[in-house]
Amino acid sequence: MILLSSFLHLRPRRCGPFAGLGRGPGPAAGSRRALRVLVDMDGVLADFEGGFLKKFRARYPDKPYIALEDRRGFWVSEQYGRLGPELSEKAISIWESKNFFIELDPLPGAVEAVKQMANLADTDVFICTSPIKKYRYCPYEKYAWVEKHFGPEFLEQIVLTRDKTVVSADLLIDDRPDITGAELKPSWEHVLFTACHNKHLQLKPPSRRLQSWTDDWKAILDSKRLPPSQAT
């Protein structure tokens, strides 16, 4: 169980071969502090939308469905509810079911990019994900998914929270356009990861997008780094 106090101010461990995961030697005196990056899981690392649509059509072959190119809005169940009142609950039943999260495919390039990111100097990467309230399967399967695709060493880098605004970081890469919570001004900059449900949104400067994992995510990280003279 992850206690709230343990991740409000995340402190990377320093005891192993994975320097990029916060397990290597700490920054030398006078060097810039490590950049802390939070990466969302569903819709950013794991193909939630594709996995949902596949299982919805398999379970309810006679029901109408929403093609990925027609998805609008973060909440799948709300858009399905507009097709028919009973479809909202049917949609929710898909991701509340056993094996939904563990069987999601990684999005193209996601695993490779985040592993590269985690091995950059002066960079601490955490997978920051919100479990669903019906928790019988979801939290366990999220951990199992990370171990399956990233290896057991990455389990130390998971943050489960319903409120991402209370987690301290420099960047949050997330596909949800509106992230709110207890902190009105979170410490991180939210970089919107493009997904089928948000690609039509026009962002107002200085808000930024990461179109996919083939996009130049390194440039986004570099734009947040402080020179050694300003490091704290």
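The values are calculated or read from the model by the stated rules, or taken from the named source; none is laboratory data. As the structure is a prediction and not an experimental result, all values here were calculated from the model. Glycine gets a Cβ as well: all are built from the backbone with ideal geometry, and neighbour counts include every protein chain shown. Surface areas here come from the heavy atoms of the whole protein model, side chains and all, with no ligands, DNA or RNA. Shrake-Rupley method; radii C 1.70, N 1.55, O 1.52, S 1.80 Å.
Of all the numbered requirements in (1) open to solvent by 70 Å² or more (accessible area, probe 1.4 Å); (2) closer than 24 Å to Gly50 by Cβ; (3) part of a loop (DSSP other than H, G, I, E, B), Asn198 misses one, and that requirement is (1).
Looking across the stretch 90-109, just one residue is assigned to a loop (DSSP other than H, G, I, E, B) and among the basic types (Lys, Arg), and that is Lys98. Scanning the stretch 150-178 for residues that are buried (at least 17 other Cβ atoms within 10 Å of the Cβ) and either of a type in the set (Lys, Arg) or assigned to a loop (DSSP other than H, G, I, E, B) (or both) yields Thr161, Lys164, Val167, Ala169, Asp170, Asp175, Arg176. In the stretch 179-195, the qualifying residues are those that are outside any loop (DSSP other than H, G, I, E, B) and of a type in the set (A, V, I, L, M, F, W, C), and the one that is surrounded by the most Cβ atoms within 10 Å (Cβ to Cβ) is Phe193. Just to check your reading of the model, which residue among Gly81, Gly109 is in contact with a helix residue (DSSP H, G or I) (Cβ under 7 Å, 6 or more places away or on another chain) and either β-branched (Val, Ile, Thr) or at pLDDT 95 or above (or both)? Going through Gly81, Gly109 in turn, just one is in contact with a helix residue (DSSP H, G or I) (Cβ under 7 Å, 6 or more places away or on another chain) and either β-branched (Val, Ile, Thr) or at pLDDT 95 or above (or both): Gly81. The residues on offer are Ala67, Ala58, Ala91, Ala118, and the sole one that is within 18 Å of Trp213 (Cβ to Cβ), among the small types (Gly, Ala, Ser) and either open to solvent by 10 Å² or more (accessible area, probe 1.4 Å) or touching a helix residue (DSSP H, G or I) at 6+ places or on another chain (Cβ under 8 Å) (or both) is Ala118.
Among residues that are under 30 Å from Ala34 (Cβ atoms) and of a type in the set (A, V, I, L, M, F, W, C), Ala67 is not included. In the set Lys115, Lys55, Lys142, only one residue is assigned to a helix (DSSP H, G or I), touching a Ser or Thr at 6+ places or on another chain (Cβ under 9 Å), within 30 Å of Arg33 (Cα to Cα) and touching a residue at least 24 places away in the same chain (Cβ under 8 Å); that residue is Lys142. Close Cβ contacts (under 8 Å, 6 or more residues apart or on different chains) running from residues in the stretch 118-129 that are closer than 16 Å to Tyr143 by Cα and of a type outside the set (Phe, Trp, Tyr) to residues that are part of a strand (DSSP E or B) and modelled with pLDDT under 95 are absent. Exactly one residue among Phe48, Phe74 is open to solvent by 20 Å² or more (accessible area, probe 1.4 Å) and in contact with a strand residue (DSSP E or B) (Cβ under 6 Å, 6 or more places away or on another chain), and that residue is Phe48. So which of Arg225, Arg209 ends up being part of a strand (DSSP E or B), more than 18 Å from Thr129 (Cα to Cα) and open to solvent by less than 80 Å² (accessible area, probe 1.4 Å)? Of the residues listed, the single one that is part of a strand (DSSP E or B), more than 18 Å from Thr129 (Cα to Cα) and open to solvent by less than 80 Å² (accessible area, probe 1.4 Å) is Arg209. Applying a threshold of 7 Å to beta carbon distances and a minimum spacing of six or more residues, or different chains, the list of pairs starting in the stretch 197-209 at a residue that is of a type in the set (Ser, Thr, Tyr) and ending at one that is part of a strand (DSSP E or B) reads Ser207/Leu192.
When the stretch 145-172 is filtered for residues that are among the polar types (S, T, N, Q) and either in contact (Cβ under 8 Å) with a residue 40 or more places away in the chain or in contact with a helix residue (DSSP H, G or I) (Cβ under 6 Å, 6 or more places away or on another chain) (or both), the ones remaining, listed by number, are Gln157, Thr161, Ser168.
Any residue in the stretch 128-137 that is assigned to a strand (DSSP E or B) and open to solvent by 30 Å² or more (accessible area, probe 1.4 Å)?
No, the stretch 128-137 contains no residue that is assigned to a strand (DSSP E or B) and open to solvent by 30 Å² or more (accessible area, probe 1.4 Å).
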